[in-house]
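What follows is a set of notes on a single structure, which appears directly below.
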Amino acid sequence: MRGRVRPGGVILLAVGAVACAAPSAAQEPLSWGRMQSELLDHPTAPPLARIPYGPGEHQFGELRLPLGPGPHPVLVVLHGGCWLSIADLTYMDPFSEALTQAGWATWSLEFRRIDQDGGGWPAILEDVAAGTDHLRELVRDYPLDTTRVVAAGHSSGGHLALWLSSRARLPADGEAGPRLRGTNPLPLKGALGLAPIADLADYTRYTRCGPTIVPDFLGRDVDPASERFRLSDPASLAPAPSPQLILLGALDPIVPPAHGANYGERAAEAGAAVEVITMEEAGHFELVAPWTPAWPRLAARIHDFLARVGGGGPR
């Protein structure tokens, strides 16, 4: 393991023994097509409930509860897919089930995407904010501990999780800030970014989501100096008020590990409590695929982080 300390936080760059080796056939990263195929071989139990948090077709969440009376800490789970409808929350089911079995209630959110009616900016951000705040309503019927909530997101969902962790820092006045912040954002204990798109300006250098995906999300005439950009970008909102763990795959071609490492350094220099861990044997999708060989080491990192920020784990 190699570590570097920066003001305000620690960045851990954790790599395996084959850090400098070229990927072998055994190390071939899990592709989206293979992920979809292997999901069929690893079915999960249905969620306890599918619950709307808004009136729209895509404004709902799926709730899973661990065993025991609770109240349970809650993981808000946010799927990826380049903010597009090429993916939905179902591919995160195995991840949600694994964390539920570990003692966390999981609230997996669906939301409008930029290629759907009413999607795009600010709908995606408004939806995940509303879905997270809806936990205050769910406690009427389910044993949830809303004082111990962590956001976890994969890829573009990682962007949303990191954004949620800084949402309380949005301005309460101005044109867009109050709309995204809301009147009373639910406080988060932390955020878990799984190969997250963490720095929107930096991600314009990468094209696996398409060369115009960030402008498609924010608007074609938006530049990094604009208010819209700054209010939507985790890197611009750093430091987040709660700890962040960034898990990266060394073999990831979609969100290259350098992207997450650069975000970690920038956030730590701003004063954030952030850890960045690169898993040598993982690509993009191994980070949310509990059946893969990389998962035990990933799970250990995740459980350690959740125990620390969640107040010692499930009670």
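Descriptive notes on the structure:
- Range in the chain, longest, excluding exposed GluC sites (Glu not before Pro) [loop by DSSP; at most 15 other beta-carbon atoms within 10 Å]: 176-315
- Spin-label model, residue 32/residue 220: points 7 Å from Cα along the beta carbon direction are separated by 2.2 nm.
- DSSP bridge analysis restricted to the chain gives an antiparallel fraction near 35%, rounded to the nearest 5.
- Taking 42, 284, 134 in turn, the Gaussian network model of the chain (Cα-Cα springs below 10 Å) assigns the largest fluctuation to 42.
- Comparing 272, 283, 296 along the charge dipole axis of the stretch 178-309, the residue lying farthest to the positive side is 272, per the Cβ-charge model.
- Unit charges on C-beta of K, R, D, E only; dipole of the chain, Debye: 840
- Kirkwood hydrodynamic radius over Cα pairs of the chain, then Stokes diffusion coefficient at 37 °C and 0.692 mPa s, in µm²/s: 170
- Placing +1 on the Cβ of every Lys and Arg and -1 on the Cβ of every Asp and Glu, with nothing else charged, gives the stretch 218-315 a dipole about its Cα centre of roughly 360 debye.
- Difference of contour (0.36 nm per residue) and Cα-Cα distance, residue 137 to residue 201: 19.5 nm
- With contributions of -39500 (n - 2.57) from each DSSP H run of at least four residues, the per-residue ellipticity at 222 nm computed over the chain stands at -8500 deg cm²/dmol.
Any read-out appearing in this document is the output of simple, stated calculations on the displayed coordinates, not a laboratory observation. These numbers were taken from a predicted model, which means no experiment stands behind them. All Cβ positions, glycine included, derive from the backbone under ideal geometry; neighbour counts span all protein chains shown.
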